[in-house]
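Here is the structure we will look at, set down as structure tokens.
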Amino acid sequence: MRKKQRVIVTGGAGFIGSHIARRLLAQGYKVAVIDNLSTGKEENIPKEAEFIKLDLGKNSSYEAINGISCDAIFHLAGQSSGEASFKDPYYDFCSHALSTFRLLEYAKRKKVARFMYASSMSVYGDPCYLPVNEAHPLNPRSFYAAAKISAEGYIKLYQSLGMNTTIFRMFSVYGPGQNLENKMQGMLSIYLSYFLEKTPVVIKGSEERFRDFVYIDDVVEAWFKSLEEPISYGKIYNLASGEKTKVKYLISSLKKYFKTADYTVKHEEGTPGDQFGVVADISLIKKELAWEPKIGLKAGIRKTIDFQLEKIGK
């Protein structure tokens, strides 16, 4: 793809989308951010990007962008919490499945060359085996996961109709700029927010639960490696570190950083649809895109905390 071409980033006011938008701009692309600001913040959107506020789940929204042409779509929009999906399943369906279908129709109509999608580790549910590879059975435990699977299905269909698509099943993405106000999304960011607020840390479920954490810069790099790489067309990739990390390790790491051994922890029941533990097999993305994570969890946690402390002036 030639530089100075236009890329639409949906969800570009959010954590991952805003990082991707900034990288696109830095590499010479024109960027249009589409976001309804339901969870994202306008302050996250780079000033150099064109901003269009609308809801991609509404058919009427596409009249506002009908005159916009682009060369690629990075689709990251959608509510980002399995827990929240139980509160309003229909909104979650519109946020993921319906919005993706309508965006694909727009892309087909506008002859967009490239469509890339942010799916989730949640599609695997409770794993049959570990680490999970991309061939692992899909077993949604939340409305969020079910909607992601539906969106993946539509993307596969449009790939068969001639669109060049790539799906990333993203695991626990973390790093500077994560939304610490949202206590229903982002394991590390949730626990960090309690430490910064100096309030008891609420742990929902067992401290033995585990996740696969991947740093935001590594995630952005994977998207860019895929953008102009034909081998990735029509593919699904796990986007993760391949490393297993337990909740109790995160809490221990935060205690060490903030130099407190007796921080109060409150235990509550787990949230609906929450996976006990999942870790990825990342051999496919390493082989085909020559990608691998560069930022380890210890360094990544420190970078994340330092950013937040600087932001609040401490």
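Among 56-68, 91-103, sorting by the average number of other beta carbon atoms lying within 10 angstrom of each residue, highest first, gives 91-103, 56-68. On full extension, the segment bounded by residue 307 and residue 184 gains 42.2 nm, given 0.36 nm per residue less the C-alpha separation.
For the stretch 158-218, what does the alpha-carbon gyration tensor say about shape, rounded, prolate or oblate, given a ≥ b ≥ c as the root eigenvalues, a/c under 1.5 as rounded, and a/b over b/c as prolate?
Values: a/c = 3.09, a/b = 2.33, b/c = 1.32.
Cα axes put the stretch 158-218 in the prolate bin.
Within the stretch 266-314, the GluC sites (Glu not before Pro) that combine a DSSP coil assignment with at most 10 other C-beta atoms in a 10 angstrom radius are 269. The alpha-carbon atoms of the stretch 37-186, seen along their principal axes, cover 46, 39, 28 angstrom, with the largest extent given first. Beta bridges assigned by DSSP with both partners in the chain are antiparallel in approximately 5 percent of cases. Sparse packing (at most 10 other Cβ atoms within 10 Å of the Cβ) combined with a DSSP loop state is found for the following GluC sites (Glu not before Pro) in the stretch 133-196: 181.
Think of the chain as a dipole: +1 on every Lys or Arg Cβ, -1 on every Asp or Glu Cβ, centred on the Cα centre; then among 149, 69, 10, 69 lies furthest on the positive end. Computed log10 I(q)/I(0) for the chain at 0.09, 0.16 Å⁻¹: -0.43, -1.44, from the Debye equation with unit scatterers placed on every C-alpha and solvent omitted. Extending 7 Å from the Cα toward the beta-carbon at both residue 266 and residue 283 defines two label points whose distance is 4.5 nm.
Heavy atoms of the protein chains alone define the surface here; on that basis the chain has 45 Å² accessible area per residue at 1.4 Å probe size. Cα-based values for the stretch 27-80, radius of gyration first and Dmax second, are 11.5, 33 Å.
For the stretch 131-161 versus the stretch 265-314, the spacing of their alpha-carbon centroids is 22 Å.
Close amide-amide hydrogen proximity is noted between residue 243 and 213, 280, each under 5 Å apart and 5 or more residues distant or on a separate chain (H modeled in the peptide plane; Pro and chain starts excluded). Stretching residue 109 away from residue 87 to a fully extended chain increases their span by 4.5 nm, per 0.36 nm per residue minus the current alpha-carbon distance.
Using a probe radius of 1.4 angstrom, the carbon and sulfur fraction of the accessible surface of the stretch 59-130 is 53%. Can you tell me the FRET efficiency between residue 64 and residue 224 if r is taken as the Cβ-Cβ distance and R0 is 25 Å, rounded to the nearest 0.05? Efficiency, from the Cβ-Cβ distance: 0.35. Couplings 3J(HN,Hα) for the stretch 15-25, derived from phi with the Karplus relation 6.51 cos²θ - 1.76 cosθ + 1.60 (θ = phi - 60°), are 4, 6, x, 5, 5, 5, 4, 5, 5, 4, 4 Hz, where x marks Gly and Pro.
For the stretch 149-191, the carbon plus sulfur part of the accessible surface works out to 54%, probe radius 1.4 Å.
Could you please state how large a percent of the accessible area of the stretch 256-314 is carbon and sulfur, counting protein chains only and using a 1.4 Å probe? Roughly 51 percent, rounded to a whole number.
The values are calculated or read from the model by the stated rules, or taken from the named source; none is laboratory data. A quick note: this is a predicted structure, and the numbers were derived from the prediction, not measured. Positions of Cβ are backbone-derived with ideal geometry, glycine not excepted, and every protein chain shown enters the neighbour counts. Calculation scope for accessible area: heavy atoms of the full protein, side chains included, ligands and nucleic acids excluded. Shrake-Rupley method; radii C 1.70, N 1.55, O 1.52, S 1.80 Å.
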